[in-house]
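The values are calculated or read from the model by the stated rules, or taken from the named source; none is laboratory data. A quick note: this is a predicted structure, and the numbers were derived from the prediction, not measured. A quick note on method: Cβ atoms are made from the backbone with ideal geometry, for glycine too, and the neighbour counts reach across all protein chains shown.
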Amino acid sequence: MRMKALRYYAPLTVKFEDVDIKDPKDGEVQVKIMAALTCGTDVKTYRRGHPVLIKKIPSGFGHEFAGIITKVGNNVFGFKEGDRVVAANSAPCGECFFCRRGEYNLCEKLEFLNGAYAEYINIPAAIVKRNLLHLPDNLSFERAAFAEPLANVVHGVEKTGIKAGQTVGVVGIGPIGLMFVKLAKLKGARVIAAGRNPLKLKLAKEFGGADEIIDLNKYKNPEKIFIEFSEEKKGLDVAVECVGLPEIWERMFTFVRKGGIVHLFGGCKQGTEISIDTRRLHYDEIKVLSVFHHTPLYFREALRLIADGEVPVEKLITETLPLELAEEGLIKHMNGRCVKVLIKP
């Protein structure tokens with residue numbers, strides 16, 4: 001059998017091709033993709049490649065999806081043909097140094113999955129075992145496909161320890177930043193969202209429920225605005241960076257109060273560095289953290305939040321395109337002309 005798929009060859013070079021559909025191996029299942037989403041990580045990969053996600057050329061592309069099981073390999077338990085499922089894009093081994101300490105996102109053998117911009121995808125045995133979930137009957141494929149990106153944000157919010165009554169600033173309001181705004185609001189925080197894109201600024205209010213919006217096109221010194229909105233004008237309790245640029249990482253330290261938390265969530269290009277005011281870091285007791293990826297626990301919690309309607313992720317879909325136009329969707333995402341593009345094979 002053959003299928004249509006978008007495959008990665010080099011930065012800014014992908015091809016829409018006919019490829020073989022391989023039977024699932026031992027422990028694997030094959031899924032007919034019903035919905036896939038564009039993602040900032042896919043955009044970064046499209047622009048410059050990826051040292052972890054792209055291991056060989058050509059490569060499958062895309063990693064946020066949901067669908068229906070069409071074939072089941074040997075030694076698969078709990079799943080059958082016809083099941084509606086969503087898969088994470090990775091799974092920990094459960095046995096290495098980090099897994100034994102519950103730090104599953106840092107697993108030494110973390111197995112990643114690419115290939116969602118296609119008609120079918122085979123789910124590796126490790127993901128079937130630990131990170132393949134059944135969908136509730138009332139949950140659409142389109143909404144379920146958000147489970148993986150939301151799981152990253154659930155992880156980030158929990159590790160940051162955001163609490164009711166805190167003032168939280170989110171800089172960078174792409175899909176991840178918007179979900180940070182929403183989850184911080186669910187925690188009871190007062191949230192200030194800062195960005196430049198009019199569409200995303202609007203969604204920060206309508207989807208995320210942000211208390212204040214800062215249009216960075218209008219303010220040269222957002223530090224003053226953040227401090228003005230904070231309690232007693234002391235500075236933010238928590239500042240979250242969702243852009244992934246070193247120069248933005250550096251500025252985050254100017255937004256928080258003494259004892260505040262700086263969460264550097266956006267991943268920067270490999271090899272980049274930042275400078276930090278060590279006096280401020282030490283004497284003002286600034287806490288710094290950076291959270292990577294998700295774990296099976298947070299993947300399950302993300303699916304629950306979506307299924308229960310607590311996070312109306314469908315509001316982030318700003319356009320729907322057929323599979324053959326997936327590259328067009330990536331370009332629109334890259335140029336800020338959408339938030340999330342839904343790809344329908």
Taking the stretch 150-168 as the search range and keeping residues that are among the small types (G, A, S) and surrounded by 24 or more Cβ atoms within 10 Å (Cβ to Cβ), which one is farthest from the chain's Cα centre (by Cα)? G156
Could you tell me whether I121 is crowded, with 23+ Cβ neighbours inside 10 Å and under 30 Å from E212 (Cα atoms)? no
Exactly one condition in (1) under 27 Å from V243 (Cβ atoms); (2) of a type in the set (V, I, T); (3) not in a helix (DSSP H, G or I) is not met by V76; state its number. (1)
Which ones in the stretch 234-255 are within 16 Å of R190 (Cα to Cα) and touching a residue at least 60 places away in the same chain (Cβ under 8 Å)? L236, D237, V238, A239, V240, F255
Hey, could you check the stretch 268-292 for residues that are of a type outside the set (S, T, N, Q) and touching a residue at least 60 places away in the same chain (Cβ under 8 Å) and say which is farthest from M179 (Cα to Cα)? K269
Could you check the stretch 121-147 and list, in sequence order, the residues that are more than 19 Å from T320 (Cα to Cα) and in contact with a helix residue (DSSP H, G or I) (Cβ under 8 Å, 6 or more places away or on another chain)? R130, N131, L133, L135, P136, N138
Of all residues being modelled with pLDDT under 95 and assigned to a loop (DSSP other than H, G, I, E, B) in the stretch 197-229, which is surrounded by the most Cβ atoms within 10 Å (Cβ to Cβ)? Just the residue, please. L216
Would you pick out the residues in the stretch 325-345 that are surrounded by 18 or more Cβ atoms within 10 Å (Cβ to Cβ) and not in a helix (DSSP H, G or I)? C338, V339, K340, V341, L342, I343, P345
Answer with yes or no whether G188 is within 25 Å of V341 (Cβ to Cβ) and not polar (S, T, N, Q). no
Does E206 fit the bill of being of a type in the set (D, E) and under 19 Å from the mean Cα position of the chain (by Cα)? no
Among the residues in the stretch 26-43, are any in the same structural domain as G329 (by TED's automatic domain parsing), of a type in the set (D, E, K, R), modelled with pLDDT under 95 and surrounded by 22 or more Cβ atoms within 10 Å (Cβ to Cβ)? yes
Among the residues in the stretch 293-307, are any of a type in the set (G, A, S) and free of Cβ contacts under 8 Å to residues at least 24 places away in the same chain? no
Of all residues in the stretch 20-50 being within 23 Å of the chain's Cα centre (by Cα) and assigned to a strand (DSSP E or B), which is nearest to K80 (Cα to Cα)? V31
Being in contact with a strand residue (DSSP E or B) (Cβ under 6 Å, 6 or more places away or on another chain) and not assigned by TED's automatic domain parsing to the domain that holds E228: is that true of N105 here? no
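Conditions (1) more than 22 Å from N197 (Cβ to Cβ); (2) more than 21 Å from the chain's Cα centre (by Cα); (3) modelled with pLDDT under 95; (4) β-branched (V, I, T), marked per residue:
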| residue | (1), (2), (3), (4) |
| --- | --- |
| W249 | no, no, no, no |
| F255 | no, yes, no, no |
| L264 | no, no, no, no |
| Q270 | yes, no, yes, no |
Within the group A302, A326, which residue is at pLDDT 95 or above, in the same structural domain as G102 (by TED's automatic domain parsing) and under 23 Å from M34 (Cβ atoms)? A326
Filtering the stretch 230-247 down to residues that are under 13 Å from G177 (Cβ atoms) and of a type outside the set (A, V, I, L, M, F, W, C), which residue is modelled with the highest pLDDT? E241
So is V256 surrounded by 15 or more Cβ atoms within 10 Å (Cβ to Cβ) and either in contact with a strand residue (DSSP E or B) (Cβ under 6 Å, 6 or more places away or on another chain) or closer than 14 Å to V171 by Cα (or both) or not? yes
Residue among E95, E17 that alone is in a strand (DSSP E or B) and either at pLDDT below 95 or surrounded by fewer than 17 Cβ atoms within 10 Å (Cβ to Cβ) (or both): E17
Tell me, please, whether a residue that is at pLDDT 95 or above, over 24 Å from K234 (Cα atoms) and of a type in the set (V, I, T) can be found in the stretch 127-138. yes
